[in-house]
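The values are calculated or read from the model by the stated rules, or taken from the named source; none is laboratory data. As the structure is a computational prediction, the values presented were derived from the model and not from experiment. Because the Cβ atoms are built from the backbone with ideal geometry, glycine has one as well, and the counts that use them run over all protein chains shown. All accessible areas refer to the heavy atoms of the entire protein, side chains included, with ligands and DNA or RNA removed. Shrake-Rupley method; radii C 1.70, N 1.55, O 1.52, S 1.80 Å.
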Amino acid sequence: MSQSQNFTMSEAGYVLGRSPAKLNKAVDTGIIQARQTKVGNIIQRLLGRAELRFLRLADELEKDLTPAGRRRLYGALRKLPDDAHKLQLGQLQLDLAQIDNDLKDRMTRLEAIKGRIDSKGDRSEAVIRGTSITAYLVAALARDQGADAVLKDFPSLTRDQVEAAIEFAKAYPKRGRPYPTKSLKTTLAAFG
């Protein structure tokens with residue numbers, strides 16, 4: 001995890017297993033700070049290493065910290081160097097190695113998922129790499145019907161591709177009108 005690496009609220013939500021709404025609330029209430037960048041006409045919030053570490057620690061120490069203790073912990077994490085895995089806060093010493101490893105594993109998983117989906121280029125929709133099947137369609141169908149039903153509807157896909165599409169949709173939610181949760185093939189079979 002590099003100090004300069006920033007994550008959108010959706011990406012951070014995926015890495016932490018939290019909803020982007022909860023992360024936005026943490027920023028809005030002043031628990032953490034987000035960097036901001038302008039993307040087109042939208043101001044996008046970004047979270048860095050200190051925020052991810054803090055939120056993971058806060059989950060584990062929630063009942064043990066006062067609000068003032070949380071602020072001190074967050075301030076200390078923001079000053080902690082990249083390669084430091086131990087934090088001394090008064091008499092309290094925290095070992096961050098396991099948290100850093102867990103976050104690194106989730107970030108590696110996120111990068112692997114992005115590698116399975118083609119979301120660049122002139123296409124308006126992210127597609128499963130090597131196909132013309134949109135990742136969001138597969139994720140919507142899997143949400144309602146399950147991965148096995150999607151594999152029956154799209155026999156050219158592998159289970160790994162379906163799971164990558166589902167995870168991609170979690171990390172990068174679709175904007176705009178959602179896809180139907182039943183495929184045309186399944187809908188027609190119900191009438192037949």
Within the range 27-48, the residues that are out of contact with any Lys or Arg (no Cβ under 9 Å at 6 or more places or on another chain) and in contact (Cβ under 8 Å) with a residue 24 or more places away in the chain are Ile32
Could you go through the range 44-54 and let me know if any residue there is surrounded by fewer than 18 Cβ atoms within 10 Å (Cβ to Cβ) and of a type outside the set (D, E, K, R). yes
Six or more apart or on different chains, Cβ atoms under 7 Å: show the pairs whose first residue is in the range 143-168 and without any contact (Cβ under 8 Å) to a residue 12 or more places away in the chain and whose second is open to solvent by 20 Å² or more (accessible area, probe 1.4 Å) and in a helix (DSSP H, G or I). Leu151/Arg159
Only one of these conditions is not met by Ile133: (1) of a type in the set (Val, Ile, Thr); (2) within 21 Å of Ala12 (Cα to Cα); (3) in contact with a Leu (Cβ under 8 Å, 6 or more places away or on another chain). Which number is it? (2)
